[in-house]
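Engineer: This structure is in structure tokens; I'll ask about it shortly.
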Amino acid sequence: MTDLIERIAQQRAKKLFKAEHANVQPYSGSVANLAAYSALIKPGDTIMGMSLTDGGHLTHGWNVSLTSRFFKSMPYTVDPKTGRLDFNLIEDLAKKHHPKIIISGATAYPREIDFEIFGQIAKKVGAFHVSDIAHIAGLVVAGIHKSPIPYADIVSTTTHKTLRGARGGMLLCKKEHAGKVDKAVFPGLQGGPHMQTITAIAVALAEADTPEFVAYAKQIVKNSKALAKKLLEHGFNLVTGGTDNHLILIDLRNKNVPGKKLAKALDRARIETNYNTIPADPAPPANPSGLRIGTPAITTRGMKEKECEMIAGFINKVVENIDNESAIEEVGKEVLLLCSQFPVPEHFIIPGKNNILSEE
Ligand SMILES: *Cc1c(COP(=O)(O)O)cnc(C)c1O
């Protein structure tokens with residue numbers, strides 16, 4: 001039975017992402033990344049991923065991550081002026097440092113990523129291309145963002161961000177890397193498969209293969225664009241000036257409120273965000289100048305553009321009253337009222353599409 005469930009999860013992942021091979025066992029995105037690197041290169045080899053402070057993930061070789069102790073890490077940054085990826089810089093760095101792996105993908109980057117160019121640069125310097133789509137997997141399967149599958153040796157993802165499944169990880173790759181990827185996951189890094197997670201992933205993958213999911217993913221982006229537009233009208237500076245995906249990164253320097261202080265005030269007003277570095281942040285990562293906001297959760301609750309405009313107003317009100325606790329409490333009441341009109345759905349299962357035991 002467990003083999004059957006795992007096979008179904010693999011089949012669904014392969015179909016949805018148009019991949020030749022899928023491994024659905026990684027316990028999480030971090031482990032999936034380590035497995036991807038160890039499938040392709042040796043300890044001590046050089047990896048090149050996006051710097052954490054510019055939007056990359058810890059496991060792309062940031063200095064406190066084991067990935068920078070097992071491998072030599074030569075990160076790239078974004079253009080500090082535009083906040084966008086600078087492919088000339090990435091190519092120059094790749095030619096200089098000869099990485100064995102170039103990692104594309106990010107954790108706090110509000111624009112679409114051109115995976116084809118990453119693939120071309122990797123080919124030019126003889127590197128493997130590992131693409132980490134943890135954040136945008138749901139946008140990729142919905143066809144909103146281009147898939148890295150044709151341009152990457154291995155694609156890594158989590159299953160719990162825009163893909164909206166249980167917490168877990170997956171690796172997708174070409175047939176030629178299948179054996180190495182499977183061995184890197186087990187016995188390389190992990191023991192037995194977490195079948196409860198794999199079962200839940202199989203369900204999430206079936207849900208993601210529906211028109212309802214595509215509509216959800218499209219609304220995520222519409223919502224973040226509406227939220228971004230209204231924030232700009234309130235005088236907020238956004239890194240890159242806007243968004244193509246599910247997230248917004250606010251540069252708070254003109255508002256004179258540190259990211260951490262604002263995130264904590266918003267939390268008291270029942271708005272969940274996280275304080276985050278901005279590209280070339282003059283402040284330290286523990287108390288950075290930015291705030292990161294995502295729209296998937298409110299979209300799941302059924303909120304649309306109109307509610308996003310209200311949320312931008314709430315955020316603005318908290319910023320303008322950052323030292324006024326009763327004003328923050330007032331915002332909290334308005335947030336509660338809004339949320340009560342959009343309860344968390346009990347389930348998303350689509351009739352006829354959720355039979356975990358039917359092979360496709
Ligand atoms: C979240 C994330 C991960 C790691 O996910 P975990 O499941 O928390 O280990 C890896 N890469 C990127 C780009 C992420 O955003």
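The values are calculated or read from the model by the stated rules, or taken from the named source; none is laboratory data. Worth saying up front: this structure is predicted, and the values here are computed from it rather than measured. Cβ coordinates were reconstructed from backbone atoms using ideal geometry, including for glycine residues, and neighbour counts include every protein chain displayed.
Engineer: So which residues in region 293-324 are of a type outside the set (A, V, I, L, M, F, W, C), closer than 18 Å to ASN254 by Cα and not in a loop (DSSP other than H, G, I, E, B), if there are any at all? Walk me through it before giving the result.
Structural biologist: So in region 293-324, the residues of a type outside the set (A, V, I, L, M, F, W, C) come out as 294-296, 299-302, 304-307, 309, 313, 316-317, 320-321, 323-324.
Within this subset, residues satisfying the condition of being closer than 18 Å to ASN254 by Cα are 313, 316-317, 320-321, 323.
Correct list: GLY313, ASN316, LYS317, GLU320.
Engineer: Can you find a residue in region 43-56 that is part of a loop (DSSP other than H, G, I, E, B), at pLDDT 95 or above and charged (D, E, K, R)?
Structural biologist: yes
Engineer: Would you check which residues across region 9-42 are in a helix (DSSP H, G or I), in contact with a Pro (Cβ under 9 Å, 6 or more places away or on another chain) and more than 11 Å from the ligand (Cβ to nearest atom) and list them?
Structural biologist: ALA35, the sole residue that qualifies.
Engineer: If you don't mind, another one. Among the residues of region 252-294, what is the count of those that are closer than 17 Å to GLN341 by Cβ and of a type in the set (Val, Ile, Thr)?
Structural biologist: The number of residues fulfilling the criteria is 1.
Engineer: Residues of region 166-191 being within 17 Å of LEU16 (Cβ to Cβ) and surrounded by fewer than 24 Cβ atoms within 10 Å (Cβ to Cβ), which ones?
Structural biologist: Quick first cut of region 166-191, residues within 17 Å of LEU16 (Cβ to Cβ) only: 166, 168-174.
Correct list: ALA166, LYS174.
Engineer: Further, regarding this structure: Confirm whether ILE144 is in contact with a helix residue (DSSP H, G or I) (Cβ under 6 Å, 6 or more places away or on another chain), surrounded by fewer than 20 Cβ atoms within 10 Å (Cβ to Cβ) and within 20 Å of THR295 (Cα to Cα). So that I can check it myself, show each step before the final result.
Structural biologist: On the way: in contact with a helix residue (DSSP H, G or I) (Cβ under 6 Å, 6 or more places away or on another chain): yes; surrounded by fewer than 20 Cβ atoms within 10 Å (Cβ to Cβ): yes; within 20 Å of THR295 (Cα to Cα): yes.
Yes; evaluated as a whole, the condition is true for this residue.
Engineer: Keeping to region 186-224, report how many residues are assigned to a helix (DSSP H, G or I), within 18 Å of ARG167 (Cβ to Cβ) and more than 21 Å from the chain's Cα centre (by Cα).
Structural biologist: Pass one, region 186-224, residues assigned to a helix (DSSP H, G or I): 186-189, 195-208, 211-224.
If we keep only those that are within 18 Å of ARG167 (Cβ to Cβ) as well, we get 189, 195-208.
Going one step further and asking which of them are more than 21 Å from the chain's Cα centre (by Cα), we end up with 189, 195-196, 199.
Adding up the residues that qualify gives 4.
Engineer: Where the second residue is near the ligand (Cβ under 8 Å from one of its atoms) and charged (D, E, K, R) and the first is within 16 Å of MET195 (Cα to Cα) and lies in region 22-38, which pairs have Cβ atoms under 7 Å and are six or more apart or on separate chains?
Structural biologist: Hits for this filter: SER28/ARG167.
Engineer: Say we look at region 259-292 and pick out the residues that are of a type in the set (D, E, K, R) and part of a loop (DSSP other than H, G, I, E, B); which of these is nearest to GLY138 (Cα to Cα)? Lay out the reasoning, then the answer.
Structural biologist: Looking only at region 259-292, we keep the residues that are of a type in the set (D, E, K, R), and these are 260-261, 264, 267-268, 270, 272, 281, 292.
After this cut, where a residue has to be part of a loop (DSSP other than H, G, I, E, B) as well, the list is 270, 272, 281.
Numbers: ARG270: 26, GLU272: 21, ASP281: 29 Å.
Here the residue is GLU272.
Let's see how each residue does on (1) within 16 Å of the ligand (Cβ to nearest atom); (2) in contact with an Asp or Glu (Cβ under 9 Å, 6 or more places away or on another chain):
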position	(1), (2)
MET48	yes, no
LEU52	yes, no
HIS60	yes, yes
SER68	yes, no
THR82	no, no
ASN88	no, no
LEU93	no, no
PRO99	no, yes
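Engineer: Checking the conditions here, which among ALA202, ALA166, ALA152, ALA206 is within 16 Å of the ligand (Cβ to nearest atom) and farther than 23 Å from PHE118 by Cβ? Explain how you work it out, then say what you get.
Structural biologist: Numbers: ALA202 fails: within 16 Å of the ligand (Cβ to nearest atom); ALA152 fails: farther than 23 Å from PHE118 by Cβ; ALA206 fails: within 16 Å of the ligand (Cβ to nearest atom).
That would be ALA166, the only listed residue that is within 16 Å of the ligand (Cβ to nearest atom) and farther than 23 Å from PHE118 by Cβ.
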